[in-house]
Amino acid sequence: MNLFRSELRKILYARSSYGLLAAAVGISALSAAVAPYAITMSSRILGGLNKSELVDTVYGKATGGYLFAVILGVILMAGEFKQGTAVATFLAAPKRSQVLLVKIAVAALCGFLLQLLAAGAGVVAAKIALSFYPEAAEPSGTVIINTLLAAVISGLVLAVVGVAVGTLIRNQTLATLAVVIWLNVVVPSVAVAV
């Protein structure tokens, strides 16, 4: 339990955690806020906001901060090596598996909370942005719950993936670059190919 509190304190006292949270909230809110405008500008192709599915898509943009959850996980693990605190951490708890499990638990909790706050801000931004479009259809009844659920699950899982990448690639910059390239280049390329 002491190790868990210690790892949680590391996250709470690191300024980068708050920067990642602010970035996740900003990206999620901005993505959701500009989506109605983008849809109405391409109304010839998409048909405008009079379709419930397109309004649901606007709310779906609230999950856009997922990248920062994985970066948080990378920083949690690879940051130990960058800051030179890895030796002290592993001496305090000599079983590496115990340290790794605690880091995974802390990353999962922090990723969950990060995405909950970011997606919440995105949903609010989407609701405000859609209020400027009176022709917008009503969203489906479960879109907000589904969006928040998808966001928190993705935050939880991706933060754990970040810890795994940070464990394998000890250089924090390289590990962060690897996950950014993976999520923004490789995954979309494979999705288009399939």
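Under the condition of being surrounded by fewer than 15 Cβ atoms within 10 Å (Cβ to Cβ), in contact with a helix residue (DSSP H, G or I) (Cβ under 6 Å, 6 or more places away or on another chain) and assigned to a helix (DSSP H, G or I), the residues counted in segment 119-145 number 0.
On the basis of being farther than 15 Å from ALA151 by Cβ and in a helix (DSSP H, G or I), does LEU54 make the cut? It is true that LEU54 is farther than 15 Å from ALA151 by Cβ and in a helix (DSSP H, G or I).
Of all the numbered requirements in (1) modelled with pLDDT under 95; (2) surrounded by 11 or more Cβ atoms within 10 Å (Cβ to Cβ); (3) part of a helix (DSSP H, G or I), SER189 misses one, and that requirement is (2).
Checking LEU116, LEU109 one by one, the residue that is under 30 Å from GLU7 (Cα atoms), of a type outside the set (Lys, Arg) and surrounded by fewer than 17 Cβ atoms within 10 Å (Cβ to Cβ) is LEU116 and no other. If you check ALA14, ALA38 for being among the hydrophobic types (A, V, I, L, M, F, W, C) and surrounded by 15 or more Cβ atoms within 10 Å (Cβ to Cβ), only one passes: ALA14. Determine whether VAL74 is part of a helix (DSSP H, G or I), open to solvent by less than 40 Å² (accessible area, probe 1.4 Å) and more than 20 Å from TRP182 (Cα to Cα). In short, no.
Can you tell me which residue in segment 168-185 is farthest from GLY73 (Cα to Cα), limited to those that are part of a helix (DSSP H, G or I) and open to solvent by 50 Å² or more (accessible area, probe 1.4 Å)? Per the criteria, the residue is VAL185. Name the pairs whose Cβ atoms lie under 8 Å apart, with the first residue in segment 146-161 and farther than 12 Å from LEU113 by Cβ and assigned to a helix (DSSP H, G or I), the second open to solvent by less than 40 Å² (accessible area, probe 1.4 Å) and basic (Lys, Arg), and 6 or more positions between them or separate chains? Close Cβ pairs (under 8 Å, with a partner that is open to solvent by less than 40 Å² (accessible area, probe 1.4 Å) and basic (Lys, Arg)) do not exist here. Scoring SER28 on the criteria (1) open to solvent by 30 Å² or more (accessible area, probe 1.4 Å); (2) touching a residue at least 24 places away in the same chain (Cβ under 8 Å); (3) of a type in the set (S, T, N, Q); (4) under 27 Å from THR142 (Cβ atoms) leaves a single failure, condition (1).
The values are calculated or read from the model by the stated rules, or taken from the named source; none is laboratory data. Please read these numbers as outputs of a predicted model, since none were measured by experiment. Glycine gets a Cβ as well: all are built from the backbone with ideal geometry, and neighbour counts include every protein chain shown. SASA here: full protein model, heavy atoms, side chains in, ligands and nucleic acids out. Shrake-Rupley method; radii C 1.70, N 1.55, O 1.52, S 1.80 Å.
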